[in-house]
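Enquirer: Please find one structure pasted underneath; my questions will follow.
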Amino acid sequence: MDFEFRIVHLHKRFPLAISRGVITGSDNLFVSVTENGVTGWGEMAPGESEGADSAEVGERMLRAFTLHGVDPQSIHRTYANAVAADVAPCAIAALDMALWDLRAKQAGIPLYSLLGLGRRAVPTSVTIGINPPEVVRERVPLLLDGTGVKALKIKLGSPEGVEADKAMFAAVSESTAGQDVVLRVDANGGWSLDEARQMMAWLAERGVEYVEQPLVKGTEDQLADLFKDRALPIFVDESCRMSSDIPGFADRVDGVNLKLMKCGGITEALRIVATARAFGLKTMIGCMGESSVSIAAGASLGELFDYIDLDSHLNLDPDPATGAPMADGIVLPDPVPGHGGCLTDA
């Protein structure tokens, strides 16, 4: 196998503001794996909480690991070797999805077929970050008009407090009035327990479908109090990185949101879904600052999820890759061998 690495800057069309700060873009690492003339593609979006805060750090980790750590016969063993070698999960994700892409291409079938799945999915949420009401009123029509978008995920947990959250949500609700659009909320751990109770009751009265990560990671013990009289279904995101996390909070949430960058790619994502289902939980797949390469890999698993939040490539100007188009609000991988994602100039 031959491994190549390339760093590409991804610029966001709209800056994404969440409870922890504002993101305008990122330098992502793209990994290609070639064997007997066939090439698989993967992508890493860096993140400090994902173990590598830059593409350069991820590249150094993978260059060292691929010298001796890859098992050509087993993606699962390669994943285990990478975890044992302390490779960052976001870097493992790039290698893992490239290897799955390679094997599906060598088999001459789409990755979803290799995994025993169909090319089916539910509509994806499209995210709107924390913004003043006047910005929301300008942005929501840009996200909805002629796009086919059927669900919005609204980032709340504003550092300015719950009144700012209410004002922003009211602007979103006003801007979507009369349209067939589902509203969902992600607080990114921005609320206290009391604020979460207050906001969930308030949002439930306004037709919100669920709330994601209402409490900050590390306060999962408080979820039990919030869960017993919850006004909305609770999903966790930051609190769920690996399948082994799920047993610790399975009795106090309704579902989990996995991200390839957090868990290390497709291999662990499959385990997370299986563990969540074993505990009777709903499933969701989300994304970070990724292009169509990683989104296509995630979309290849689409049939496994109750909710999907694969939209980061839609907010890039430009997206340096192709392979995960949205049609009628649904993001699906191209029906080609592999996961379908590739840099456009590769």
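Enquirer: Right, His339: crowded, with 24+ Cβ neighbours inside 10 Å and without any contact (Cβ under 8 Å) to a residue 40 or more places away in the chain or not?
Expert: no
Enquirer: Which condition from (1) part of a loop (DSSP other than H, G, I, E, B); (2) farther than 27 Å from Pro46 by Cβ is the one that Gly218 breaks?
Expert: (2)
Enquirer: If you don't mind, another one. Please go through the stretch 250-286 and give me each residue that is touching a residue at least 40 places away in the same chain (Cβ under 8 Å), surrounded by fewer than 24 Cβ atoms within 10 Å (Cβ to Cβ) and part of a loop (DSSP other than H, G, I, E, B), ordered by number.
Expert: Asp254
Enquirer: Also, I was wondering about something else. For the stretch 134-175, which residues satisfy the criterion of being among the β-branched types (Val, Ile, Thr) and more than 22 Å from Ser19 (Cβ to Cβ)?
Expert: Selection gives Thr147, Val149.
Enquirer: Scan (1) over 25 Å from Gly161 (Cβ atoms); (2) out of contact with any Leu (no Cβ under 7 Å at 6 or more places or on another chain) for the single condition Val181 breaks and write down its number.
Expert: (2)
Rundown of residues vs (1) free of Cβ contacts under 8 Å to residues at least 60 places away in the same chain; (2) part of a strand (DSSP E or B), yes/no style:
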site: Phe5; (1), (2): yes, yes
site: Lys12; (1), (2): no, yes
site: Ser26; (1), (2): no, yes
site: Glu43; (1), (2): no, yes
site: Ser49; (1), (2): no, no
site: Val57; (1), (2): yes, no
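Enquirer: So, Leu95, is that one part of a helix (DSSP H, G or I), at pLDDT 95 or above, touching an Asp or Glu at 6+ places or on another chain (Cβ under 8 Å) and under 24 Å from His313 (Cβ atoms) or not?
Expert: Here the answer is no, as Leu95 does not meet what is asked.
Enquirer: Limited to the stretch 19-40, what total is found for residues that are surrounded by fewer than 19 Cβ atoms within 10 Å (Cβ to Cβ) and in contact with a strand residue (DSSP E or B) (Cβ under 8 Å, 6 or more places away or on another chain)?
Expert: Summing the residues that are surrounded by fewer than 19 Cβ atoms within 10 Å (Cβ to Cβ) and in contact with a strand residue (DSSP E or B) (Cβ under 8 Å, 6 or more places away or on another chain) in the stretch 19-40 gives 8.
Enquirer: Only residues that are hydrophobic (A, V, I, L, M, F, W, C), under 25 Å from the mean Cα position of the chain (by Cα) and under 13 Å from Ala98 (Cα atoms): list them for the stretch 55-78, please.
Expert: Once the filter is applied, which keeps residues that are hydrophobic (A, V, I, L, M, F, W, C), under 25 Å from the mean Cα position of the chain (by Cα) and under 13 Å from Ala98 (Cα atoms), the stretch 55-78 yields Leu62, Ile75.
Enquirer: Taking the residues in the stretch 79-89 that are part of a helix (DSSP H, G or I) and surrounded by 13 or more Cβ atoms within 10 Å (Cβ to Cβ) as candidates, determine which candidate is farthest from the chain's Cα centre (by Cα).
Expert: Asn81
Enquirer: Conditions first: (1) over 27 Å from Leu142 (Cα atoms); (2) part of a strand (DSSP E or B). Pro247 passes all but one, so which condition is the exception?
Expert: It fails just one condition, (2).
Enquirer: Working carefully through the options Leu223, Leu232, find the one that is surrounded by 15 or more Cβ atoms within 10 Å (Cβ to Cβ), touching a residue at least 24 places away in the same chain (Cβ under 8 Å), under 22 Å from Lys166 (Cβ atoms) and assigned by TED's automatic domain parsing to the domain that holds Arg277.
Expert: Leu232
Enquirer: Right, another one. State yes or no: is Glu43 surrounded by fewer than 19 Cβ atoms within 10 Å (Cβ to Cβ) and on the phi < 0 side of the Ramachandran plot?
Expert: Taking the combined requirement at face value, the residue does not satisfy it.
The values are calculated or read from the model by the stated rules, or taken from the named source; none is laboratory data. Computed from a predicted structure; not experimentally measured. No Cβ is skipped: glycine too gets one built from the backbone with ideal geometry, and neighbour counts run over all protein chains shown.
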